[in-house]
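K.L.:
Got a structure here, written out as structure tokens. Questions coming.
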Protein chains: 2
Amino acid sequence: MADTRSKLLEGAMRTIRSHGIAGASARTVAAAAGVNQALVFYHFGNLDTLLTEACLVATRARVEVYREELAKVNSLRELLDLGRSLHEEERALGNVAVLAQLLAGAQNETALTEPIREALGLWVAEIEAVLTRVMAKTPLGDLADAAGLARAVSAAFIGLELFEGVDPAGANAALNALDQLGALVEVVEDLGPVARRALRAKLRKR
Amino acid sequence: MADTRSKLLEGAMRTIRSHGIAGASARTVAAAAGVNQALVFYHFGNLDTLLTEACLVATRARVEVYREELAKVNSLRELLDLGRSLHEEERALGNVAVLAQLLAGAQNETALTEPIREALGLWVAEIEAVLTRVMAKTPLGDLADAAGLARAVSAAFIGLELFEGVDPAGANAALNALDQLGALVEVVEDLGPVARRALRAKLRKR
DNA sequence: GTCTATAACGAGATAGAC
DNA sequence: GTCTATCTCGTTATAGAC
């Protein structure tokens, strides 16, 4: 059986998933973990530390799982497809939801800012690495900024997660639209050398 | 001077802006409004109703402001540029932040779901209308889904807003990257008839 | 419509026994 | 390391005077 610390981390995740950050108190988390309320403060000092630690541990675990799948990606189209299934898996597990809840909480609670930036950074770093790799093969390679794109993609993921909470059908339509847009990127990837040069010239003009 | 109802709506906005939804209690909102705490319940019944009403009123006002500017947009590039300045203005005013906070709260509080979906819908409808109009002029017109795209864009905006709260530099990099990506769209818009047909064929294959 | 007062409760956190 | 008991505070919401 798990030790108290792990039980509390697990309890924190479960509580945020089902009741949001607003419903996560030392009492509710301890109850979900099946341990005494005072142990939150014994093991973590305060509630915020427990919540952020839980988020970090869980995010590290999930990023680890996806690292090898991301390493197999060889085109932007494949990345888009993996992104969609990743979104659906994480949505079902409620992991991104926890990140989103803490991110919202971090806007006005400075104690959360740093740890949540770090958790977000784990995803960003992974996405940036893959983007850099696959973009090198396209005409966009030396013109678009993989670092910035990785951050845009991460932010969009969080936003979509929250959007889905109030309008699942709308979120689905959004994902389908992005799929279609992906076809555009595919076209660019398959461009012949002549068209490639034309595109580069256009892009440089900006 | 404004009546109590308006003062409370204004107080709710200010409180959520500066302290998030977690810091918005009947007492803090009433204090920000300069009125008695009990009046929250007299005028709105409960706190959630006040918060969602405030968000709806504010969103309606902002959408109204941007409607005429959006009507002037004639290309995806112009829309992208307007989007960026809109993001910066709303960020400074803290309006999108309120929407994001309530959206996060709505994930686990069913009383918030419907009103927030409605507020979000105000932006979505506006963006969808513009997208439909400008996309009709491009080769994407009859292939990409304006409704889905509008939802994706809205979700991404919310996500970016939250991202900016913990990593402003990263959010800025994300916006710059989207700007560069916009150039790609511009290229598509300027495609000659031959390339246009080639693109359409490619897109239809998917 | 607005106020005071208060009921009823849950919150974070700590002291101290075991 | 874990427990009970408790302090102190803020919370929603209502009753009732004005």
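K.L.:
Select, from A:162, A:178, A:149, the only residue that is facing chain B (nearest Cβ under 8 Å), more than 30 Å from residue B:110 (Cα to Cα) and buried (at least 19 other Cβ atoms within 10 Å of the Cβ).
P.N.:
So the residue among A:162, A:178, A:149 that is facing chain B (nearest Cβ under 8 Å), more than 30 Å from residue B:110 (Cα to Cα) and buried (at least 19 other Cβ atoms within 10 Å of the Cβ) is A:149.
K.L.:
Go through the stretch B:85-141 and give me each residue that's touching a Cys at 6+ places or on another chain (Cβ under 8 Å) and more than 12 Å from every other protein chain (Cβ to nearest Cβ).
P.N.:
Hits for the stretch B:85-141: nothing passes.
K.L.:
Are any of the residues in the stretch B:134-145 modelled with pLDDT of 95 or more and either in a helix (DSSP H, G or I) or under 30 Å from residue B:189 (Cβ atoms) (or both)?
P.N.:
No, the stretch B:134-145 contains no residue that is modelled with pLDDT of 95 or more and either in a helix (DSSP H, G or I) or under 30 Å from residue B:189 (Cβ atoms) (or both).
K.L.:
Identify, please: which residue in the stretch B:25-45 is among the polar types (S, T, N, Q) and without any contact (Cβ under 8 Å) to a residue 12 or more places away in the chain and is, among those, nearest to residue B:98 (Cα to Cα)?
P.N.:
In this case the residue turns out to be B:37.
K.L.:
Select from the stretch B:16-27 the residues that are within 12 Å of chain A (Cβ to nearest Cβ) and surrounded by fewer than 24 Cβ atoms within 10 Å (Cβ to Cβ) and list them in ascending order.
P.N.:
B:17, B:18, B:19, B:22, B:23, B:25
K.L.:
Separate question: Any residue at all in the stretch A:14-28 that is over 28 Å from residue B:110 (Cα atoms) and either among the polar types (S, T, N, Q) or more than 10 Å from DNA strand C (Cβ to nearest atom) (or both)?
P.N.:
No; the residues of the stretch A:14-28 include none that is over 28 Å from residue B:110 (Cα atoms) and either among the polar types (S, T, N, Q) or more than 10 Å from DNA strand C (Cβ to nearest atom) (or both).
K.L.:
Right, something else. Are any residues in the stretch A:46-71 within 13 Å of DNA strand C (Cβ to nearest atom), among the hydrophobic types (A, V, I, L, M, F, W, C) and either within 14 Å of chain B (Cβ to nearest Cβ) or more than 14 Å from residue A:102 (Cβ to Cβ) (or both), and if so, which ones?
P.N.:
Within the stretch A:46-71, A:47, A:51 qualify.
K.L.:
Counting residues that are away from DNA strand D (no atom under 16 Å from the Cβ) and modelled with pLDDT of 95 or more, which helices (runs of 4 or more DSSP H) fully inside the stretch B:1-107 reach at least 2?
P.N.:
B:4-19, B:47-71, B:76-93, B:95-106
K.L.:
I would also like to ask the following. Please verify whether the stretch A:76-99 includes one or more residues that are surrounded by fewer than 19 Cβ atoms within 10 Å (Cβ to Cβ), within 16 Å of DNA strand C (Cβ to nearest atom) and farther than 22 Å from residue A:14 by Cβ.
P.N.:
Checking the stretch A:76-99: not a single residue is surrounded by fewer than 19 Cβ atoms within 10 Å (Cβ to Cβ), within 16 Å of DNA strand C (Cβ to nearest atom) and farther than 22 Å from residue A:14 by Cβ.
K.L.:
Scan the stretch A:116-133 and give yes if some residue there is of a type outside the set (Asp, Glu), under 22 Å from residue B:98 (Cβ atoms) and touching a Pro at 6+ places or on another chain (Cβ under 9 Å), otherwise no.
P.N.:
no
The values are calculated or read from the model by the stated rules, or taken from the named source; none is laboratory data. As the structure is a computational prediction, the values presented were derived from the model and not from experiment. In this analysis, Cβ positions are derived from the backbone assuming ideal geometry, glycine residues included, and neighbour counts consider all displayed protein chains.
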